[in-house]
Amino acid sequence: RRLICSISSKAPAYQPFSKNFLCRVAMAFSMSFLLLLLGPHMARSEFFRITLKKEKRSYQDLDRSAHMNFAPVVTELAAQSPESGKAGVASIELANAYNTQYSGEIEVGTPPQKIRVVFDTGSANLWVPSGRSLYQADLLSTHQGFFPRRSTTFEEYNEEFKIMYGSGPVTGWYCSDTVQIGDLKLQDFTFALVDRFLGLGSIYTQRSSFDGILGLGFGSISVGQVPTAMKALNASGKLQEPVFGFYLGDDEEGQLVLGGTDPAHYVGDFSYVPVVSAAFWQIALDQIKVGFMYDEDQVQVHAMSTRATVSDWTMTLSVSKSAIVDSGTSLLVGPEAQVEAMAAILGAHKVRNLYVIDCWGPAPSIAFTLAGKDYAISGRELILQQSGDWCVIGLHASQAAENHWILGDVFMRKFYVEFDWGKQRVGFAQAKVPAKPDNLV
């Protein structure tokens, strides 16, 4: 079966973005990046459909969403099918929070209780918040919690669950219950019921688009070494293939497919890169190229142009030898020295830990060479938001990144990604993305 989840230099004198806007982007980015740094049946042909739709957010939500993706090392079809609405087809809604966070609903317990989660390839556990603890923290108006006493299939374990974030710990207890993703049910699935989540700070206590996290990483990074969702789904025989595919919509709906990929959301064939270690979805990185964009007449274009077709590379970096593909991180994250060198070439200025460029200056281009093939992110594809003549780009420097890069949602919007759990490889194909309007303001 396939389960389809249509899924969520020196600072210049000018301050083109408001303090609140910049804080929101920084906050939404941080949580899953910090998590990332811590530490036999025949398949049937039915399709399980989970439709993604875009959720409009305020600038405050955008900033919180982007910051949320700093995660610790432990953390973290065909929609037009004629079978839609028939038996074997299920739909849930997922949200795209300003291109910085993608989340969707699962159901936990009997009868089912809805919980909104981030589907995160940078972690391997499922955790959901306790409804009682949300009530005590006065957060039930902004989050959906799980109430174990309302479930007839709930079982509690006497074992503590703990993840440490940069802002503080998130703790709870392991338990098991029925977990449903679309129409796929996992009976007696072990997850964490979190009762102390204030360590996440305002990225969680203020309005956010997620309640918990469902990890799609390998079992070796599972906190407590509990079985992962992919392992349980594969063992159940409910997946057509032990793979899943991400399409992250650009200012629109996205999609997650469990058990296959959706040809409606990519063009051409996949190019595969083997996973170098079955922990994170970490692959070998040949080099990084930095330069600018030109049109077909070899005329340099500005960052907002729709005529950019050719990249001219100015600098090549080959220090970092690996990259982690992470759906739970919003931006492109790299070692501080490398990102600062790239920013200098691109004329980007650092404002409150974010990089901004002149929207009408030369269009930047960054390419990651994977298994000998360049995957370029250029011009408007790098831009998170525009304010007047200045644009925030999806690039972040981190001392904690050491010698690897994290290819987050900025990368995954450009390329449809197939995560092959069975063969331990990652496949990339050009995503089918509708053209953006000329005016991003």
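A few comments on the model shown:
Condition check ((1) surrounded by 21 or more Cβ atoms within 10 Å (Cβ to Cβ); (2) of a type outside the set (Phe, Trp, Tyr)) across all residues:
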{"residue": "Gly122", "(1), (2)": "yes, yes"}
{"residue": "Trp127", "(1), (2)": "yes, no"}
{"residue": "Tyr135", "(1), (2)": "no, no"}
{"residue": "Leu140", "(1), (2)": "no, yes"}
{"residue": "Pro148", "(1), (2)": "no, yes"}
{"residue": "Tyr157", "(1), (2)": "no, no"}
{"residue": "Met164", "(1), (2)": "no, yes"}
{"residue": "Gly168", "(1), (2)": "no, yes"}
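- Lone unmet requirement of (1) of a type in the set (A, V, I, L, M); (2) over 28 Å from Val319 (Cβ atoms); (3) out of contact with any strand residue (DSSP E or B) (no Cβ under 6 Å at 6 or more places or on another chain); (4) surrounded by 15 or more Cβ atoms within 10 Å (Cβ to Cβ) for Ala235: (4)
- Matching residues in the stretch 170-209 - criterion: being open to solvent by less than 50 Å² (accessible area, probe 1.4 Å) and among the aliphatic types (A, V, I, L, M): Val170, Val179, Ile181, Leu184, Leu186, Ala192, Leu193, Val194, Leu200, Ile203
- Neighbours by Cβ (under 6 Å, 6+ apart or cross-chain): first from the stretch 343-368, within 16 Å of Arg380 (Cα to Cα) and modelled with pLDDT of 90 or more; second assigned to a helix (DSSP H, G or I) and not hydroxyl-bearing (Ser, Thr, Tyr): Tyr355/Ala343
- Strands (runs of 3 or more DSSP E) contained entirely in the stretch 349-441, each with at least 1 residues that are crowded, with 21+ Cβ neighbours inside 10 Å and of a type in the set (A, V, I, L, M): 354-358, 364-370, 373-378, 383-387, 390-393, 395-398, 404-407, 415-420, 425-431
- Annotation: of all residues in the stretch 91-123 being of a type in the set (A, V, I, L, M, F, W, C) and in contact with a Gly (Cβ under 8 Å, 6 or more places away or on another chain), the one that is modelled with the lowest pLDDT is Ile92.
- Identity of the residue in the stretch 240-267, assigned to a loop (DSSP other than H, G, I, E, B) and not charged (D, E, K, R), that ends up most open to solvent (accessible area, probe 1.4 Å): Gln240
- For Phe270, the test of being open to solvent by less than 40 Å² (accessible area, probe 1.4 Å), at pLDDT 95 or above and part of a strand (DSSP E or B) is passed.
The values are calculated or read from the model by the stated rules, or taken from the named source; none is laboratory data. Quick caveat, the model's predicted, so the values are computed rather than measured. Every residue, glycine as well, gets a Cβ built from its backbone with ideal geometry; the counts of neighbours run over all protein chains shown. When the accessible area is computed, the model is the full protein with side chains, heavy atoms only, and any ligands, DNA or RNA have been set aside. Shrake-Rupley method; radii C 1.70, N 1.55, O 1.52, S 1.80 Å.
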